[in-house]
Ligand SMILES: *Cc1c(COP(=O)(O)O)cnc(C)c1O
(Lines give C-alpha, C1' and ligand atoms only; values in the text may rest on other atoms or scores of the structure.)
Protein backbone atom coordinates (compact mmCIF):
# COMPACT_ATOMS: atom_id res chain seq x y z
CA UNK A 1 0.00 0.00 0.00
CA UNK A 2 1.28 3.45 -0.91
CA UNK A 3 -0.34 5.33 1.96
CA UNK A 4 2.02 7.53 3.99
CA UNK A 5 0.62 5.78 7.08
CA UNK A 6 1.84 2.36 5.97
CA UNK A 7 4.79 0.85 7.88
CA UNK A 8 7.71 -0.16 5.66
CA UNK A 9 8.41 -3.34 7.60
CA UNK A 10 5.82 -5.27 9.61
CA UNK A 11 5.24 -3.80 13.08
CA UNK A 12 4.20 -6.55 15.49
CA UNK A 13 2.34 -6.19 18.78
CA UNK A 14 5.60 -6.56 20.67
CA UNK A 15 9.34 -6.82 20.10
CA UNK A 16 11.47 -8.16 22.93
CA UNK A 17 13.93 -5.75 24.48
CA UNK A 18 17.52 -7.07 24.64
CA UNK A 19 20.54 -5.78 26.56
CA UNK A 20 23.59 -4.75 24.50
CA UNK A 21 25.31 -7.85 23.08
CA UNK A 22 28.69 -6.88 24.66
CA UNK A 23 27.11 -6.92 28.13
CA UNK A 24 25.64 -10.31 27.37
CA UNK A 25 28.86 -11.91 26.11
CA UNK A 26 30.66 -10.57 29.19
CA UNK A 27 28.05 -12.23 31.37
CA UNK A 28 28.44 -15.43 29.34
CA UNK A 29 32.20 -15.55 29.78
CA UNK A 30 31.62 -15.59 33.55
CA UNK A 31 29.40 -18.66 33.16
CA UNK A 32 31.98 -20.34 30.84
CA UNK A 33 34.63 -19.80 33.46
CA UNK A 34 32.64 -21.00 36.44
CA UNK A 35 31.14 -24.03 34.63
CA UNK A 36 28.19 -23.51 36.94
CA UNK A 37 25.22 -23.78 34.57
CA UNK A 38 22.15 -24.42 36.73
CA UNK A 39 20.93 -25.65 40.17
CA UNK A 40 20.83 -22.42 42.17
CA UNK A 41 24.17 -21.09 40.91
CA UNK A 42 25.63 -17.63 41.59
CA UNK A 43 23.66 -15.84 38.83
CA UNK A 44 20.45 -17.46 40.07
CA UNK A 45 21.10 -16.29 43.63
CA UNK A 46 21.99 -12.78 42.47
CA UNK A 47 18.91 -12.52 40.25
CA UNK A 48 16.62 -13.66 43.06
CA UNK A 49 18.13 -11.08 45.41
CA UNK A 50 18.02 -8.30 42.82
CA UNK A 51 14.38 -9.02 41.97
CA UNK A 52 13.45 -9.21 45.61
CA UNK A 53 14.96 -5.75 46.16
CA UNK A 54 13.55 -4.21 42.98
CA UNK A 55 10.04 -5.55 43.44
CA UNK A 56 9.95 -5.04 47.20
CA UNK A 57 9.00 -8.66 47.97
CA UNK A 58 11.12 -10.72 50.40
CA UNK A 59 10.38 -14.25 49.12
CA UNK A 60 10.78 -15.03 45.45
CA UNK A 61 11.59 -18.34 43.71
CA UNK A 62 12.72 -18.39 40.10
CA UNK A 63 11.20 -20.78 37.57
CA UNK A 64 11.87 -22.05 34.05
CA UNK A 65 8.64 -20.38 32.91
CA UNK A 66 5.46 -18.87 34.28
CA UNK A 67 3.30 -21.90 33.53
CA UNK A 68 5.49 -24.23 35.62
CA UNK A 69 5.47 -21.57 38.35
CA UNK A 70 1.67 -21.66 38.39
CA UNK A 71 1.49 -25.48 38.26
CA UNK A 72 3.97 -25.68 41.14
CA UNK A 73 2.25 -22.90 43.14
CA UNK A 74 -0.98 -24.92 43.19
CA UNK A 75 1.01 -27.98 44.37
CA UNK A 76 2.83 -25.98 47.01
CA UNK A 77 -0.43 -24.76 48.57
CA UNK A 78 -2.10 -28.18 48.09
CA UNK A 79 -5.03 -26.71 46.17
CA UNK A 80 -7.57 -29.38 45.07
CA UNK A 81 -11.19 -29.78 43.98
CA UNK A 82 -12.55 -26.64 42.30
CA UNK A 83 -10.92 -23.27 41.73
CA UNK A 84 -12.76 -20.14 40.61
CA UNK A 85 -10.97 -18.35 37.80
CA UNK A 86 -11.41 -16.01 34.84
CA UNK A 87 -11.99 -17.04 31.23
CA UNK A 88 -10.41 -13.75 30.07
CA UNK A 89 -6.72 -14.60 30.22
CA UNK A 90 -3.96 -16.51 28.51
CA UNK A 91 -4.52 -20.28 28.18
CA UNK A 92 -1.90 -21.13 30.83
CA UNK A 93 -4.03 -19.73 33.68
CA UNK A 94 -6.61 -22.51 33.32
CA UNK A 95 -4.19 -25.15 31.99
CA UNK A 96 -2.27 -24.98 35.28
CA UNK A 97 -5.46 -26.08 37.07
CA UNK A 98 -5.98 -28.93 34.62
CA UNK A 99 -2.41 -30.17 35.16
CA UNK A 100 -3.22 -30.38 38.87
CA UNK A 101 -6.46 -32.27 38.28
CA UNK A 102 -8.38 -29.25 39.60
CA UNK A 103 -11.74 -28.36 38.06
CA UNK A 104 -11.79 -24.77 36.75
CA UNK A 105 -14.97 -22.84 37.49
CA UNK A 106 -15.28 -19.80 35.26
CA UNK A 107 -16.81 -16.60 36.60
CA UNK A 108 -17.51 -13.55 34.43
CA UNK A 109 -15.39 -10.38 34.40
CA UNK A 110 -16.22 -6.81 35.39
CA UNK A 111 -16.37 -4.19 32.62
CA UNK A 112 -13.77 -1.71 33.98
CA UNK A 113 -10.43 -3.50 33.66
CA UNK A 114 -11.70 -6.95 32.60
CA UNK A 115 -10.89 -8.55 35.96
CA UNK A 116 -12.61 -11.54 37.55
CA UNK A 117 -15.79 -9.93 38.92
CA UNK A 118 -15.78 -10.11 42.74
CA UNK A 119 -19.57 -9.63 42.79
CA UNK A 120 -20.08 -12.91 40.96
CA UNK A 121 -17.66 -15.13 42.86
CA UNK A 122 -19.77 -16.14 45.87
CA UNK A 123 -22.59 -17.64 43.81
CA UNK A 124 -20.04 -19.97 42.15
CA UNK A 125 -18.62 -21.35 45.42
CA UNK A 126 -19.44 -25.00 46.21
CA UNK A 127 -18.25 -27.36 48.98
CA UNK A 128 -15.45 -28.43 46.59
CA UNK A 129 -14.11 -24.89 46.10
CA UNK A 130 -10.66 -24.50 47.65
CA UNK A 131 -9.21 -21.49 45.87
CA UNK A 132 -9.49 -18.36 43.76
CA UNK A 133 -7.19 -17.76 40.79
CA UNK A 134 -7.65 -14.21 39.46
CA UNK A 135 -5.36 -12.44 36.98
CA UNK A 136 -4.02 -8.86 37.04
CA UNK A 137 -5.13 -8.54 33.42
CA UNK A 138 -2.78 -6.42 31.25
CA UNK A 139 -0.94 -5.61 34.51
CA UNK A 140 -3.71 -3.40 35.94
CA UNK A 141 -4.20 -4.27 39.63
CA UNK A 142 -7.25 -6.46 40.25
CA UNK A 143 -9.75 -5.70 43.09
CA UNK A 144 -7.55 -7.41 45.66
CA UNK A 145 -9.43 -6.37 48.83
CA UNK A 146 -12.73 -7.74 47.55
CA UNK A 147 -11.11 -11.07 46.65
CA UNK A 148 -9.38 -11.31 50.02
CA UNK A 149 -12.64 -10.68 51.89
CA UNK A 150 -14.27 -13.59 50.04
CA UNK A 151 -11.22 -15.84 50.48
CA UNK A 152 -11.21 -15.14 54.23
CA UNK A 153 -14.94 -15.67 54.65
CA UNK A 154 -14.91 -19.05 52.87
CA UNK A 155 -11.43 -20.19 53.87
CA UNK A 156 -10.11 -20.22 50.30
CA UNK A 157 -6.55 -20.03 49.02
CA UNK A 158 -5.97 -16.92 46.90
CA UNK A 159 -3.38 -17.21 44.11
CA UNK A 160 -2.68 -14.48 41.58
CA UNK A 161 -1.61 -14.94 38.01
CA UNK A 162 0.50 -11.76 37.89
CA UNK A 163 2.23 -12.72 34.62
CA UNK A 164 1.52 -9.21 33.26
CA UNK A 165 2.19 -7.24 36.43
CA UNK A 166 5.98 -7.00 36.67
CA UNK A 167 6.93 -3.90 38.66
CA UNK A 168 3.35 -2.65 39.12
CA UNK A 169 2.83 -0.80 42.39
CA UNK A 170 -0.24 0.58 44.14
CA UNK A 171 0.40 3.47 46.54
CA UNK A 172 4.06 2.53 46.25
CA UNK A 173 3.50 -1.11 47.27
CA UNK A 174 4.05 -4.03 44.90
CA UNK A 175 0.87 -5.63 43.61
CA UNK A 176 2.69 -8.95 44.19
CA UNK A 177 2.20 -8.66 47.97
CA UNK A 178 -1.46 -9.72 47.85
CA UNK A 179 -3.11 -13.09 48.42
CA UNK A 180 -1.22 -16.26 49.38
CA UNK A 181 1.12 -15.99 46.43
CA UNK A 182 1.57 -14.60 42.92
CA UNK A 183 3.31 -15.87 39.83
CA UNK A 184 5.26 -13.86 37.26
CA UNK A 185 6.27 -14.77 33.72
CA UNK A 186 9.58 -13.76 32.14
CA UNK A 187 8.56 -14.94 28.67
CA UNK A 188 10.01 -13.03 25.71
CA UNK A 189 6.75 -11.09 25.27
CA UNK A 190 6.63 -9.84 28.85
CA UNK A 191 7.86 -6.50 30.26
CA UNK A 192 10.94 -8.13 31.83
CA UNK A 193 12.04 -11.34 30.14
CA UNK A 194 14.72 -14.01 30.22
CA UNK A 195 13.69 -15.57 26.83
CA UNK A 196 11.66 -18.02 28.96
CA UNK A 197 11.30 -17.77 32.71
CA UNK A 198 9.01 -17.15 35.65
CA UNK A 199 8.77 -16.81 39.40
CA UNK A 200 6.59 -17.39 42.44
CA UNK A 201 6.31 -14.64 45.04
CA UNK A 202 5.16 -15.90 48.44
CA UNK A 203 5.11 -14.31 51.88
CA UNK A 204 6.99 -16.57 54.27
CA UNK A 205 10.17 -18.61 54.46
CA UNK A 206 8.38 -21.92 55.03
CA UNK A 207 6.38 -21.63 51.79
CA UNK A 208 9.44 -20.54 49.81
CA UNK A 209 11.37 -23.56 51.08
CA UNK A 210 8.61 -25.92 49.94
CA UNK A 211 8.42 -24.18 46.56
CA UNK A 212 12.19 -24.46 46.14
CA UNK A 213 12.07 -28.21 46.91
CA UNK A 214 9.17 -28.76 44.51
CA UNK A 215 10.89 -27.05 41.57
CA UNK A 216 13.94 -29.32 42.07
CA UNK A 217 12.31 -32.80 42.04
CA UNK A 218 11.37 -32.44 45.72
CA UNK A 219 14.99 -32.70 46.89
CA UNK A 220 15.50 -31.20 50.36
CA UNK A 221 19.15 -32.28 50.39
CA UNK A 222 21.38 -34.84 48.69
CA UNK A 223 19.40 -37.87 49.83
CA UNK A 224 15.98 -36.67 51.02
CA UNK A 225 13.07 -36.19 48.60
CA UNK A 226 10.13 -34.64 50.47
CA UNK A 227 7.52 -34.56 47.70
CA UNK A 228 6.97 -35.60 44.07
CA UNK A 229 8.53 -32.44 42.64
CA UNK A 230 9.18 -31.38 39.09
CA UNK A 231 12.15 -29.86 37.28
CA UNK A 232 11.28 -26.20 36.84
CA UNK A 233 14.63 -24.54 37.52
CA UNK A 234 15.79 -21.36 35.82
CA UNK A 235 19.33 -21.85 34.46
CA UNK A 236 22.36 -19.60 34.87
CA UNK A 237 22.15 -18.11 31.39
CA UNK A 238 18.54 -17.04 31.97
CA UNK A 239 19.37 -15.66 35.41
CA UNK A 240 22.34 -13.70 34.02
CA UNK A 241 20.15 -12.34 31.25
CA UNK A 242 17.55 -11.38 33.84
CA UNK A 243 20.14 -9.36 35.77
CA UNK A 244 21.03 -7.43 32.61
CA UNK A 245 17.37 -6.85 31.76
CA UNK A 246 16.74 -5.53 35.25
CA UNK A 247 19.54 -3.00 34.77
CA UNK A 248 17.67 -1.53 31.79
CA UNK A 249 14.09 -1.92 33.01
CA UNK A 250 13.39 1.65 34.15
CA UNK A 251 14.05 3.35 30.79
CA UNK A 252 12.26 0.47 29.03
CA UNK A 253 9.08 1.08 31.06
CA UNK A 254 9.46 4.86 30.61
CA UNK A 255 9.60 4.37 26.82
CA UNK A 256 6.44 2.25 26.97
CA UNK A 257 4.73 4.96 29.05
CA UNK A 258 5.53 7.71 26.54
CA UNK A 259 4.00 5.63 23.74
CA UNK A 260 0.93 4.70 25.79
CA UNK A 261 0.30 8.30 26.80
CA UNK A 262 0.44 9.39 23.16
CA UNK A 263 -1.95 6.59 22.15
CA UNK A 264 -4.36 7.65 24.91
CA UNK A 265 -4.25 11.31 23.91
CA UNK A 266 -4.69 10.64 20.18
CA UNK A 267 -7.35 7.92 20.42
CA UNK A 268 -9.54 9.93 22.80
CA UNK A 269 -11.15 11.71 19.85
CA UNK A 270 -12.21 8.63 17.87
CA UNK A 271 -15.86 7.71 18.50
CA UNK A 272 -16.38 4.00 19.26
CA UNK A 273 -12.82 3.34 20.41
CA UNK A 274 -11.93 3.24 24.09
CA UNK A 275 -8.80 2.32 26.00
CA UNK A 276 -7.79 1.62 29.59
CA UNK A 277 -6.41 4.33 31.87
CA UNK A 278 -4.19 3.40 34.81
CA UNK A 279 -5.78 4.27 38.15
CA UNK A 280 -4.23 7.42 39.74
CA UNK A 281 -2.52 5.61 42.65
CA UNK A 282 -0.96 2.97 40.37
CA UNK A 283 2.56 2.86 38.91
CA UNK A 284 1.57 0.94 35.81
CA UNK A 285 4.07 -0.95 33.61
CA UNK A 286 2.29 -0.32 30.26
CA UNK A 287 2.67 -4.02 29.44
CA UNK A 288 -0.09 -3.94 26.80
CA UNK A 289 -2.16 -1.36 24.95
CA UNK A 290 -5.62 -2.87 24.48
CA UNK A 291 -8.33 -0.89 22.71
CA UNK A 292 -12.01 -1.83 22.68
CA UNK A 293 -13.94 -1.26 19.48
CA UNK A 294 -17.69 -0.72 19.69
CA UNK A 295 -18.68 -1.91 16.22
CA UNK A 296 -21.87 0.19 16.11
CA UNK A 297 -20.34 3.46 17.30
CA UNK A 298 -17.13 3.02 15.30
CA UNK A 299 -18.71 1.66 12.14
CA UNK A 300 -16.53 -1.44 11.81
CA UNK A 301 -16.06 -4.62 13.81
CA UNK A 302 -12.88 -5.38 15.74
CA UNK A 303 -11.99 -8.05 13.16
CA UNK A 304 -12.38 -5.53 10.34
CA UNK A 305 -10.07 -3.12 12.20
CA UNK A 306 -7.57 -5.93 12.84
CA UNK A 307 -7.48 -6.79 9.09
CA UNK A 308 -7.41 -3.14 8.03
CA UNK A 309 -4.38 -2.39 10.23
CA UNK A 310 -2.65 -5.49 8.84
CA UNK A 311 -3.02 -4.07 5.34
CA UNK A 312 -0.86 -1.16 6.57
CA UNK A 313 1.71 -3.55 8.07
CA UNK A 314 0.50 -3.04 11.66
CA UNK A 315 -0.15 -6.34 13.43
CA UNK A 316 -2.22 -6.09 16.60
CA UNK A 317 -3.23 -9.17 18.61
CA UNK A 318 -6.66 -10.12 19.89
CA UNK A 319 -5.75 -10.67 23.56
CA UNK A 320 -7.98 -12.28 24.87
CA UNK A 321 -9.92 -13.88 22.07
CA UNK A 322 -11.07 -16.60 21.99
CA UNK A 323 -11.91 -16.96 25.66
CA UNK A 324 -10.33 -19.89 27.52
CA UNK A 325 -13.87 -21.11 28.21
CA UNK A 326 -14.31 -21.56 24.44
CA UNK A 327 -11.37 -23.97 24.07
CA UNK A 328 -12.37 -27.58 23.33
CA UNK A 329 -10.83 -28.72 26.64
CA UNK A 330 -13.14 -26.54 28.71
CA UNK A 331 -16.21 -25.57 26.64
CA UNK A 332 -18.34 -28.41 28.02
CA UNK A 333 -17.93 -27.32 31.64
CA UNK A 334 -21.22 -25.90 32.96
CA UNK A 335 -19.45 -22.65 33.97
CA UNK A 336 -18.11 -22.24 30.41
CA UNK A 337 -21.60 -21.66 28.99
CA UNK A 338 -21.69 -18.32 27.10
CA UNK A 339 -24.78 -17.29 29.09
CA UNK A 340 -22.61 -17.43 32.24
CA UNK A 341 -19.94 -15.18 30.73
CA UNK A 342 -21.63 -12.34 28.83
CA UNK A 343 -19.13 -9.59 29.74
CA UNK A 344 -16.11 -11.76 28.92
CA UNK A 345 -17.63 -12.55 25.51
CA UNK A 346 -18.40 -8.89 24.85
CA UNK A 347 -14.83 -7.82 25.68
CA UNK A 348 -13.30 -10.71 23.70
CA UNK A 349 -15.26 -9.51 20.64
CA UNK A 350 -14.13 -5.89 21.05
CA UNK A 351 -10.50 -6.06 22.10
CA UNK A 352 -7.41 -5.43 20.01
CA UNK A 353 -3.96 -4.97 21.54
CA UNK A 354 -1.95 -2.39 19.60
CA UNK A 355 1.83 -2.53 19.15
CA UNK A 356 3.77 -1.31 22.18
CA UNK A 357 7.41 -2.01 23.08
CA UNK A 358 10.36 0.10 24.25
CA UNK A 359 11.98 0.57 20.84
CA UNK A 360 8.76 1.37 18.94
CA UNK A 361 9.08 4.73 17.21
CA UNK A 362 6.42 7.34 18.01
CA UNK A 363 5.57 7.79 14.33
CA UNK A 364 3.92 4.35 14.37
CA UNK A 365 1.56 5.39 17.16
CA UNK A 366 0.65 8.43 15.06
CA UNK A 367 0.18 6.34 11.92
CA UNK A 368 -2.07 3.86 13.70
CA UNK A 369 -4.20 6.71 15.04
CA UNK A 370 -4.46 8.25 11.58
CA UNK A 371 -5.50 4.92 10.06
CA UNK A 372 -8.09 4.31 12.77
CA UNK A 373 -9.45 7.86 12.57
CA UNK A 374 -9.91 7.64 8.79
CA UNK A 375 -11.38 4.13 8.85
CA UNK A 376 -13.98 4.96 11.51
CA UNK A 377 -17.48 5.85 10.38
CA UNK A 378 -16.79 4.14 7.05
CA UNK A 379 -14.02 6.49 5.89
CA UNK A 380 -10.72 5.37 4.41
CA UNK A 381 -7.12 6.26 5.22
CA UNK A 382 -5.72 4.94 1.96
CA UNK A 383 -4.61 7.06 -0.98
C1 LIG B 1 2.52 -15.35 29.65
C2 LIG B 1 1.43 -15.78 30.58
C3 LIG B 1 1.50 -16.95 31.34
C4 LIG B 1 2.51 -18.02 31.11
O5 LIG B 1 3.78 -17.67 31.23
P6 LIG B 1 4.94 -18.48 30.43
O7 LIG B 1 6.15 -17.92 31.05
O8 LIG B 1 4.78 -18.16 28.98
O9 LIG B 1 4.75 -19.93 30.73
C10 LIG B 1 0.51 -17.18 32.29
N11 LIG B 1 -0.52 -16.35 32.44
C12 LIG B 1 -0.65 -15.24 31.71
C13 LIG B 1 -1.81 -14.34 31.96
C14 LIG B 1 0.30 -14.93 30.73
O15 LIG B 1 0.13 -13.84 29.97
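The values are calculated or read from the model by the stated rules, or taken from the named source; none is laboratory data. Predicted model, so just to flag it, every value in this text is computed and none were measured. Glycine gets a Cβ as well: all are built from the backbone with ideal geometry, and neighbour counts include every protein chain shown.
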Expected output for segment 66-82 (first residue within 13 Å of residue 180 (Cα to Cα), partner within 13 Å of the ligand (Cβ to nearest atom) and assigned to a loop (DSSP other than H, G, I, E, B), Cβ below 9 Å, 6+ apart or cross-chain) is 70/99; 70/163; 74/99
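Matching residues to (1) without any contact (Cβ under 8 Å) to a residue 24 or more places away in the chain; (2) in contact with a helix residue (DSSP H, G or I) (Cβ under 7 Å, 6 or more places away or on another chain); (3) assigned by TED's automatic domain parsing to the domain that holds residue 38:
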residue	(1), (2), (3)
205	no, no, yes
208	no, no, yes
211	no, yes, yes
224	yes, no, yes
235	no, no, yes
Inside segment 328-345, the number of residues satisfying the requirement of being within 22 Å of residue 301 (Cα to Cα) and touching a residue at least 24 places away in the same chain (Cβ under 8 Å) is 4
Identify the residue in segment 277-305 that is free of Cβ contacts under 8 Å to residues at least 40 places away in the same chain and closer than 25 Å to residue 256 by Cβ and, among all such residues, is surrounded by the fewest Cβ atoms within 10 Å (Cβ to Cβ).
280
Sort out which residues of segment 209-237 are surrounded by 19 or more Cβ atoms within 10 Å (Cβ to Cβ) and over 14 Å from residue 61 (Cβ atoms), and write them in order of number.
235, 236
For segment 306-327, which positions are touching a residue at least 40 places away in the same chain (Cβ under 8 Å), outside any helix (DSSP H, G or I) and within 24 Å of the chain's Cα centre (by Cα)?
314, 315, 316, 317, 319, 320, 323, 327
Suppose the filter is within 27 Å of residue 192 (Cβ to Cβ) and modelled with pLDDT of 95 or more; does residue 147 pass it?
yes
